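The values are calculated or read from the model by the stated rules, or taken from the named source; none is laboratory data. All figures in this text were calculated on a predicted structure; none of them were measured in a lab. Quick reminder, even Gly has a Cβ in these numbers, built from the backbone with ideal geometry, and neighbours come from all protein chains shown.
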Amino acid sequence: MIRIGFLAITFGIATLIYQGTDDSAKSTAGKSTDKTSEKSTDKTGEKSGDKKDIKLSHEQQIEEMFKNHPFIANPKGELRKSKDFNKLKGLEASVLNTKATERAFTGEYWNHKGQGTYICRKCNCPLYRSGDKFDSHCGWPSFDDEIPGTVTRIPDKDGQRVEIVCTNCGGHLGHVFLGEQFTLKNTRHCVNSKSILFVDEDEALPKIILPDEAKKRDAKEKEKADSLKKAGSDDKADEKKDDAKTGSSK
Ligand SMILES: [Zn+2]
């Protein structure tokens, strides 16, 4: 019995020693791998922390933004005003405000492949998803769909082409072409890189900057809601007074 016990203990110790050397061998042999795995764990930790901070995906952020700020239709694509719009530099201003076109294959996004959302450079309105971007080899960023409600189409006066503008601010984006058979949606939004700004899916989307018209509308609606609320509370107060009166007469 004692012998069996001794053997078992020796075996146990031998296994422990073997595991120990095995581990140390692994850790020396794969020092760099261990470091990388440590790093990647850290990184995932950080990443999940970042995601927690952002909380919502771009889709959810967009839904939230649009719920609070329904767009004012802009059928003529008029340029809207706000002193809060992002300041535009050189060609950005020429493209967005005076409908200039950047030269093909010169913009920063014609061959850009990141995952995220393209927003209006002037008012931050989310316009296009990276998932709708495709390679058309035309030298400008191409999308076969827009984020619903954010892009307005205006036929050119000569009837040749259809201009696209940001619905929120009226800034010029480019032109839309149909029936070219590039994708199943058969649509190509040909957009100037200078009109848009890419936001990576890991970053939070900036707030939309509303034009003066929308701010006025929101203020009016708030005023209306406030006066209704006030009227409601006045009625309730009156009811209470009446109740008190009837109570006293009883
Ligand atoms: Zn805009």
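Couple of notes before you dig in:
- Pair list, Cβ < 8 Å and 6+ apart or interchain, from the stretch 54-72 residues that are touching a residue at least 40 places away in the same chain (Cβ under 8 Å) to residues that are basic (Lys, Arg) and surrounded by fewer than 16 Cβ atoms within 10 Å (Cβ to Cβ): Met65/Lys207; Ile72/Arg217
- Of note, Glu146 does not satisfy the criterion of being at pLDDT 95 or above, surrounded by fewer than 22 Cβ atoms within 10 Å (Cβ to Cβ) and within 15 Å of the ligand (Cβ to nearest atom).
- Unmet requirement for Glu102, which otherwise passes all of (1) surrounded by 17 or more Cβ atoms within 10 Å (Cβ to Cβ); (2) within 16 Å of the ligand (Cβ to nearest atom); (3) assigned to a loop (DSSP other than H, G, I, E, B): (2)
- Strands (runs of 3 or more DSSP E) contained in the stretch 125-208 and holding at least 1 residues over 20 Å from Glu108 (Cβ atoms) and of a type in the set (Lys, Arg): 151-155
- Every condition in (1) buried (at least 20 other Cβ atoms within 10 Å of the Cβ); (2) away from the ligand (no atom under 15 Å from the Cβ); (3) among the hydrophobic types (A, V, I, L, M, F, W, C) is met by Ile164 except one, and the failing one is (2).
- Qualifying residue in the stretch 116-132 (condition: within 15 Å of the ligand (Cβ to nearest atom), among the basic types (Lys, Arg), buried (at least 16 other Cβ atoms within 10 Å of the Cβ) and under 18 Å from the mean Cα position of the chain (by Cα)): yes
- Test: Asp158 is surrounded by fewer than 23 Cβ atoms within 10 Å (Cβ to Cβ) and modelled with pLDDT under 95: yes
- Every pair of residues 6+ apart whose Cβ atoms lie under 7 Å, when the first sits in the stretch 145-173 and is under 26 Å from Glu63 (Cα atoms) and among the basic types (Lys, Arg) while the second is within 15 Å of the ligand (Cβ to nearest atom) and in a strand (DSSP E or B): Arg153/Ile164
- Residues of the stretch 79-99 that turn out to be under 19 Å from Arg153 (Cα atoms), away from the ligand (no atom under 12 Å from the Cβ) and part of a loop (DSSP other than H, G, I, E, B), as a count: 1
- Index of the failed condition, Glu108 passing every other in (1) within 12 Å of the ligand (Cβ to nearest atom); (2) part of a loop (DSSP other than H, G, I, E, B): (1)
- Any chance Trp140 is touching a residue at least 60 places away in the same chain (Cβ under 8 Å) and either surrounded by 17 or more Cβ atoms within 10 Å (Cβ to Cβ) or away from the ligand (no atom under 12 Å from the Cβ) (or both): no
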